[in-house]
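Each remark here refers to the structure printed beneath this line.
The values are calculated or read from the model by the stated rules, or taken from the named source; none is laboratory data. All of these numbers come straight from a predicted model, not from anything done at the bench. Heads up, the Cβs are rebuilt from the backbone with ideal geometry, glycines too, and the neighbour counts pull from every protein chain shown. Just the protein is used for accessible areas: all its heavy atoms, side chains included, with ligands, DNA and RNA removed. Shrake-Rupley method; radii C 1.70, N 1.55, O 1.52, S 1.80 Å.
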Amino acid sequence: MPIAKVNGKEVEFEPGMTVLQVAEMAGEEIPRFCYHERLSIAGNCRMCLVEVKPGPPKPQASCALPAAEGQEIFTDTPMVQKARKGVMEFLLINHPLDCPICDQGGECDLQDQAMGYGRDATRFVENKRAVEDKYMGPVIKTVMNRCIQCTRCVRFITEVAGVPEIGLISRGEDVEITTYLENAVTSELSGNVNDLCPVGALTHKPWAFNYRPWELKRTESIDVMDALGSAIRVDARGSEVMRVLPRTQEDINEEWLDDKARYACDGLLRQRLDKPYIRENGKLKAATWDEALAAVAAKLSASNAGRIGVIAGDLADAESMKAALDLFRGKLGIASLDCRQDGAQIGGGAREEYLFNATIAGIDEADAILLIGTNPRLEAPVLNARIRRAWVSRGVPVAMIGTAADLTYPVEHLGDTAAAIASLSKSKKGFAEKLKAAKRPMVIVGSGAFAREDGAAILAAAGKFATAIGASWNVLHTAASRVGGLDLGFIPTGGGKSATELASKGGADVLFLMGADEIDLSKSKAFVVYMGTHGDAGAHRADVILPSAAWTEKRGLYVNTEGRVQHGERAVYPKGEAKEDWAIIRALSDRLGATLPYNTQDQLREALYADHSTFAGQGFPPGKSDFKPAFASKTGAGDAPLKSRITDFYMTNPIARASVTMSELSALKSGAKLMAAE
């Protein structure tokens with residue numbers, strides 16, 4: 001590999017690297033505003049100036065200068081220092097002095113760099129340039145007087161999000177960043193431009209003027225709004241979660257985060273269940289924990305085990321499901337427990353049957369991708385951005401079987417129904433030829449394929465095709481609790497009923513819902529016990545409500561769609577009288593005379609690891625990409641279109657539905673508010 005010198009220190013680097021990257025490998029810090037390692041190079045700000053020999057005797061922008069064998073790079077000479085200070089002075093000519101009221105204050109790149117390269121006085125005495133603020137939607141607050149035209153937002157929204165709705169207009173000093181016709185940005189990843197902005201021009205509108213960064217307590221955790229398990233940081237002040245930001249996790253979300261994961265946190269304060277309730281004479285009335293647990297225990301004790309069902313919701317943690325299994329199945333002999341409230345026909349076989357086996361990072365190595373019954377833009381926007389990058393950077397062909405949708409990259413639509421799988425198997429041309437010629441083809445199957453009555457038949461057809469062409473088998477779930485529930489065996493056994501059967505007319509006499517709000521109980525006459533966080537569908541139908549802690553209010557284990565076991569950490573404490581889910585089940589076991597053998601969460605985790613060894617291996621996916629699926633089905637697939645289970649990305653769980661920001665984004669997506677003028 002070639003070698004260059006940085007301030008006299010020899011550095012070995014890979015061909016194609018820039019001078020900036022080589023300098024950072026040598027441990028030198030290079031200031032920058034426009035450069036970002038995940039975006040294309042623009043060379044706008046000129047803050048990263050260095051001196052390079054051989055070369056012209058002048059400072060050069062290191063972000064856009066290729067490194068070469070034998071180069072001598074100087075990052076701290078008087079010429080470089082003077083040039084950077086000159087650039088900073090020009091940047092501050094038109095920048096307003098409004099740091100005291102700027103939400104970026106304390107986290108501002110311009111503020112930080114000005115400390116190192118700024119002057120203590122200005123030589124500019126003319127009027128500053130004024131730019132009108134722009135409307136960019138419910139999550140992007142604009143103060144365009146602060147903009148330094150670094151174009152990070154333009155490049156992100158075009159290259160990564162794939163929705164080119166932000167751009168530059170005019171020329172010279174009149175240049176401005178704006179959306180076309182001042183429409184709102186419609187990308188599910190739009191909040192990332194606020195993180196990327198190195199000044200205060202774009203900030204987070206939902207959090208405007210609510211906090212200062214140094215007031216917040218930071219807790220590293222994981223996201224549960226989808227099944228990716230993105231790495232996040234939860235920032236709280238007192239008992240309130242103020243914001244959620246992404247953490248860098250190269251194998252999952254890199255450093256991006258979708259808008260639901262980022263902004264739904266305001267729903268943690270609204271419509272909360274903070275005390276137990278019991279329905280009397282058709283109305284819910286507040287009760288004590290003793291009264292609520294006694295009512296539940298009495299109903300369970302008086303009912304036949306075969307007429308009792310337990311359904312775990314999409315946000316349930318592994319500990320609560322383990323405690324429920326130990327109590328309801330282990331102690332009470334109840335067979336009807338299910339974590340698949342969407343009716344998914346998957347689970348019960350080999351673990352690899354329901355995992356994203358090639359791993360999320362494996363998309364970077366795939367050379368052909370087939371989507372079956374999934375819309376990754378709605379089900380996992382961050383994963384969708386990774387697929388888009390595979391198409392942009394390597395020209396990876398992508399095809400879809402299911403309802404056509406705009407995924408932000410070209411997709412070959414092969415058909416709406418499962419019949420397209422059989423047609424693809426028989427074909428020797430078109431996309432079938434690309435798949436068979438590929439060295440690392442991927443088949444990605446979503447819940448739109450298996451969360452239906454003929455789901456087993458569709459899985460059998462898709463699995464047979466994936467095996468025939470040697471493609472990796474990858475299941476994209478939408479629920480954070482799903483893989484953990486399937487790992488635990490939280491599905492019916494010994495003649496037990498599925499979630500959809502339990503919710504049907506006459507399906508059960510007693511239903512215990514663990515935050516299950518996405519299942520239709522309109523036909524059920526069962527006595528419903530709802531253990532959850534919000535006054536959502538499950539609580540409206542409940543006869544007894546047991547308030548529980550939200551995911552930011554408890555420690556919990558979650559398993560993402562690729563089988564990676566991860567820790568969620570407590571950032572704040574539960575609201576009111578709410579308790580952690582596993583603790584509620586433990587207290588209920590006392591009332592039933594079937595006491596569970598653990599008193600602390602650590603003891604529960606020890607039992608979990610002992611019974612299910614997969615939970616002990618935390619932080620990495622199994623990654624068995626050579627798995628050959630072989631599903632069995634007694635019936636054939638129907639001719640109904642394969643539709644994504646998600647129709648409204650912003651309204652998929654009780655927390656999101658309680659969020660004001662999510663309501664605004666949902667209304668925007670449906671066309672209720674498209675332009676600032678409206």
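Values as computed for the structure displayed
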{"item": "Yes/no for residue 84 being in a loop (DSSP other than H, G, I, E, B) and not small (Gly, Ala, Ser)", "result": "no"}
{"item": "Restricting region 73-86 to residues that are open to solvent by 80 Å² or more (accessible area, probe 1.4 Å) and charged (D, E, K, R), the residue that is farthest from the chain's Cα centre (by Cα)", "result": "82"}
{"item": "Leading residue by the ranking (least open to solvent (accessible area, probe 1.4 Å)) among those in region 239-277 that are farther than 23 Å from residue 649 by Cβ and under 16 Å from the mean Cα position of the chain (by Cα)", "result": "251"}
{"item": "Hits in region 357-380 (condition: surrounded by 24 or more Cβ atoms within 10 Å (Cβ to Cβ), closer than 23 Å to residue 415 by Cα and not aliphatic (A, V, I, L, M))", "result": "373, 374, 375, 376, 377, 379"}
{"item": "Residue check for residue 52: more than 31 Å from the chain's Cα centre (by Cα), part of a helix (DSSP H, G or I) and over 16 Å from residue 88 (Cβ atoms)", "result": "no"}
{"item": "Subset of region 516-534 [open to solvent by 20 Å² or more (accessible area, probe 1.4 Å), touching a residue at least 40 places away in the same chain (Cβ under 8 Å) and of a type in the set (Gly, Ala, Ser)]", "result": "none"}
{"item": "Boolean, residue 375 is within 26 Å of residue 260 (Cβ to Cβ) and touching a Pro at 6+ places or on another chain (Cβ under 7 Å)", "result": "no"}
{"item": "Extreme residue, farthest from residue 321 (Cα to Cα), among residues of region 452-479 that are part of a loop (DSSP other than H, G, I, E, B) and either free of Cβ contacts under 8 Å to residues at least 12 places away in the same chain or open to solvent by 10 Å² or more (accessible area, probe 1.4 Å) (or both)", "result": "470"}
{"item": "Contacts under 7 angstrom Cβ, first residue in region 163-184 being under 19 Å from residue 667 (Cα atoms), partner part of a helix (DSSP H, G or I) and open to solvent by 10 Å² or more (accessible area, probe 1.4 Å), 6 or more apart", "result": "165/180; 184/668"}
{"item": "Where a residue in region 616-640 is loosely packed, with under 12 Cβ neighbours inside 10 Å and its partner, wherever it lies, is in a loop (DSSP other than H, G, I, E, B), with Cβ under 6 Å and at least six apart", "result": "639/417"}
{"item": "Test: residue in region 64-72 that is in a strand (DSSP E or B), at pLDDT 95 or above and buried (at least 21 other Cβ atoms within 10 Å of the Cβ)", "result": "no"}
{"item": "Filter result (assigned to a helix (DSSP H, G or I) and either in contact with a helix residue (DSSP H, G or I) (Cβ under 6 Å, 6 or more places away or on another chain) or open to solvent by 40 Å² or more (accessible area, probe 1.4 Å) (or both)) within region 12-49", "result": "21, 24, 25"}
{"item": "Residue in region 644-669 that is nearest to residue 475 (Cα to Cα), counting only those that are buried (at least 20 other Cβ atoms within 10 Å of the Cβ) and among the charged types (D, E, K, R)", "result": "645"}
